[in-house]
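Here's the structure we're looking at; comments come further down.
The values are calculated or read from the model by the stated rules, or taken from the named source; none is laboratory data. All of these numbers come straight from a predicted model, not from anything done at the bench. Glycine also receives a Cβ, built like all others from the backbone with ideal geometry; neighbour counts cover every protein chain displayed. Note: accessible area is taken over every heavy atom of the protein model, side chains too, but ligands, DNA and RNA are not part of it. Shrake-Rupley method; radii C 1.70, N 1.55, O 1.52, S 1.80 Å.
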Amino acid sequence: MALQSVERKVALITGANKGIGLEIARQLGRQGMTVLVGARDAGRGREAAEGLRSEGISAHCTRIDVTTQATIDQVARWIEEEFGRLDILVNNAGIFIDDAPPSGLDMEVLRRMYETNVFGPVAVIKAMLPLLRKSSAGRIVNMSSGLGSLTLTSDPGWRFADINLLAYNSSKTTLNAMTVQFAKELGNTAIKVNAADPGYTATDLNNHQGTQSVEQGARAAVHLATLSADGSTGGFFHQDGALPW
Ligand SMILES: NC(=O)c1ccc[n+]([C@@H]2O[C@H](COP(=O)([O-])OP(=O)(O)OC[C@H]3O[C@@H](n4cnc5c(N)ncnc54)[C@H](OP(=O)(O)O)[C@@H]3O)[C@@H](O)[C@H]2O)c1
């Protein structure tokens, strides 16, 4: 227990060096938690953690590339040694690249998007589960998107119904499916697993075209990360409530 007292909750957020992930780390940190700023680039992670510490937050950077198993395993070992457990995991890291409607999709884009948005969160959850099981109230939040909702995207009246991009949308649908599966498997434990839709948020991911601030975009994930014992599991939520799958 080198880095903190046992009373403080410990939260790992992947892709936390910028955008919504950084803001989730900030909001959890302001609640008195120790936040582990996951970043695939050590320099960017260090800078983000330093920024949070200058705001009075207990923050440490940790290099984690969710597409590289060795970095995931290394982070799990480090958390075990330093903290002995993990209370919150936010699978926030995600990419949106060169997507296209189904018939025009480059297979390599599909593979890359799934590597980060689907295989990454599965690998991180599997590696962190032994640590989350040691928490009295483990919480897993998967950063999904309304674009992953089959109900919303198949409704022609939905605001974003025209965004028919195969790789990104289906990667988030798959993330939703695995959220349900992990929640079912962990239903008899203290761990809750939910998916969050941040809403259309101005970040690098969409060249800052999003209409919400990162403060708003972080809300759903922060709420799910801090659910009480009677909170839901196996659900999909945005900042105003439940979303359909
Ligand atoms: N913004 C929106 O409107 C919106 C809407 C719905 C859902 N989302 C979801 O919200 C999450 C955060 O998105 P954002 O808008 O904040 O995007 P962002 O500003 O582009 O941030 C994405 C973060 O993920 C990291 N990342 C990418 N690939 C990674 C990898 N292989 N390993 C570890 N980290 C990796 C990035 O690191 P680098 O800095 O090194 O690139 C960055 O820190 C994503 O899952 C996204 O799909 C966003």
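In this structure, is residue 12 more than 26 Å from residue 114 (Cβ to Cβ) and either outside any helix (DSSP H, G or I) or within 16 Å of the ligand (Cβ to nearest atom) (or both)? Against the criterion (more than 26 Å from residue 114 (Cβ to Cβ) and either outside any helix (DSSP H, G or I) or within 16 Å of the ligand (Cβ to nearest atom) (or both)), residue 12 does not qualify.
Within region 172-196, residues that are under 17 Å from residue 227 (Cα atoms) sit with their Cβ atoms under 6 Å from residues that are part of a loop (DSSP other than H, G, I, E, B) and among the β-branched types (Val, Ile, Thr), at 6+ positions apart or across chains, in these pairs: 183/233; 192/233; 193/233. Filtered by the rule that a residue be surrounded by 19 or more Cβ atoms within 10 Å (Cβ to Cβ) and of a type in the set (Asp, Glu), region 182-224 gives a lone residue, 197.
Look at residue 90 and say whether it is touching a strand residue (DSSP E or B) at 6+ places or on another chain (Cβ under 7 Å), touching a residue at least 12 places away in the same chain (Cβ under 8 Å) and not polar (S, T, N, Q). In short, yes. For residue 195, are the conditions met, namely being small (Gly, Ala, Ser) and either part of a strand (DSSP E or B) or under 17 Å from the mean Cα position of the chain (by Cα) (or both)? For residue 195, the condition - small (Gly, Ala, Ser) and either part of a strand (DSSP E or B) or under 17 Å from the mean Cα position of the chain (by Cα) (or both) - is met. Restricting the search to strands (runs of 3 or more DSSP E) fully inside region 57-163 and requiring at least 1 residues that are open to solvent by 50 Å² or more (accessible area, probe 1.4 Å) gives 58-63. Kindly indicate the residue of region 37-56 that is touching a strand residue (DSSP E or B) at 6+ places or on another chain (Cβ under 9 Å) and of a type in the set (Asp, Glu) and also least open to solvent (accessible area, probe 1.4 Å) among those meeting that condition. That would be 41.
Taken over region 60-87, the residue count meeting the criterion of being touching a residue at least 60 places away in the same chain (Cβ under 8 Å) and away from the ligand (no atom under 15 Å from the Cβ) is 8. Number of residues in region 22-47 that are near the ligand (Cβ under 10 Å from one of its atoms) and farther than 23 Å from residue 69 by Cα: the value is 2.
Within region 198-245, the residues that satisfy the criterion of being closer than 19 Å to residue 27 by Cβ, within 14 Å of the chain's Cα centre (by Cα) and not in a helix (DSSP H, G or I) are 198, 199, 226, 237, 238.
Would you please name the residue that is farthest from the ligand (Cβ to nearest atom), looking only at residues in region 202-219 that are among the small types (Gly, Ala, Ser) and under 15 Å from residue 143 (Cα atoms)? Only one residue tops the list, namely 218.
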